[in-house]
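The values are calculated or read from the model by the stated rules, or taken from the named source; none is laboratory data. The shown structure was predicted, so the numbers you read here are calculated from the model rather than taken from an experiment. Using ideal geometry, Cβ is built from the backbone for each residue, glycine included, and neighbour counts are taken over all protein chains shown. For accessibility, only protein heavy atoms count, side chains too; no ligands or nucleic acids. Shrake-Rupley method; radii C 1.70, N 1.55, O 1.52, S 1.80 Å.
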Amino acid sequence: ALEERALAEDGTARELIAAGVEDLLRLLERADESGLRPWSEAVNGAMEELLTSLEAQEAMERGEEPAVRTMRLNFQHCPKLNEATGGFRRQEVVLLAGMTGHGKSTLFEQLWIQADDDGWLGQLYEAEMSKEACATRVLGHRAQVPLWKLRRMERVAEKTILKQVLVSAAGEEMQRKVRVMDRGITPEKIWSLARLQKKTAGLDVVGIDYDMLVIREGMRQRRLSESEWGEQAEFMNQALECAKELDLCFVLLCQPRKVADELARGQRGPRLGEIYGSSSVENTAHVVMWIVRH
């Protein structure tokens, strides 16, 4: 607009400069409204979080219930792993990656079970198995019954005892507040349902098992033929934005299509590009864990 006024000789040079300054000031105001904040505000926010966490830890050491709890997601019965990670936090995206049969889902199960036990509200998106199959695994864990016995009832000698321990385990598991979805999962549904629960009932963690199946379902429903890698890059970016916007932790399970034999056998660590399959999504997750069952 300023250039047009100058070409049309609409006003003196001093008037045009003054108008230009006003336009720049308005742009600065808009930039400030859109997210540019003073560094002091960031420092104040960080100190508030740190002091809250410190005071909560002091209260727990005194045997008291902290006024405000700081969320740190840990794996159940995995103290060394919890010590190594320090627990997963709000606004983080965590990627559990590995080949088929190496224990990603089992480790993921240990994470969300402990989160629910600790009182954090979660959503589970089970794209790989039905919610009943997922619940069967958890019931077996709760009842301390090997999964093979639940899959092969004909080999169980004491069926009455098995029934009793399963009924008891089910009664305890029914108290969980986690919500689960196992059909028709698309990225769009995940973002919208996460926002809805955050506003209505609260939400702390979202887990997706596993990401590429969700991406493919979304592409199928939208009848897209673009590259899965491009869709995966968009999916990871959306998870990062959603984790920050909703102040929660996203845990994604990733299964690479094909990797080198020495990598699959755990003889060396993976490069990020080998996990994602594309360099376009390398730097999205805050924590990447490569799962190998030796």
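Values as computed for the structure displayed
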item: With every protein chain in place, the chain: carbon and sulfur % of accessible area (1.4 Å); result: 52 percent
item: Average accessible area per residue (Å²) across the chain - probe 1.4 Å, nucleic acids and ligands excluded; result: 61 Å²
item: Net lengthening on full extension, Ser130/Ala67 (0.36 nm per residue, minus Cα-Cα); result: 18.9 nm
item: Net charge, Gln76 excluded, C-beta distance under 12 Å - Lys, Arg +1, Asp, Glu -1; result: -3
item: For the range 233-267 versus the range 115-173, the gap between their alpha-carbon centres in whole angstrom; result: 27 Å
item: DSSP-defined antiparallel bridges as percent of all bridges, the chain, nearest 5; result: 5 percent
item: Ellipticity estimate at 222 nm from DSSP helix runs (n ≥ 4, -39,500 (n - 2.57)) divided over the chain, nearest 500; result: -16500 deg cm²/dmol
item: Highest to lowest packing among 205-213, 45-53, scored as the average C-beta count within 10 Å; result: 205-213, 45-53
item: The range 196-294: trypsin sites (Lys or Arg not before Pro) in DSSP coil with no more than 13 other Cβ atoms inside 10 Å; result: Arg223, Arg257, Lys258, Arg265, Arg268, Arg271, Arg293
item: Straight-distance crosslink candidates among lysines, where the alpha carbon sits under 21 Å from Lys199 and sequence neighbours closer than 8 are dropped; result: Lys177, Lys189, Lys244
item: Whole-Hz ³J(HN,Hα) from phi, Karplus 6.51 cos²θ - 1.76 cosθ + 1.60, for the range 287-294, glycine and proline x; result: 10, 10, 10, 9, 9, 10, 9, 6
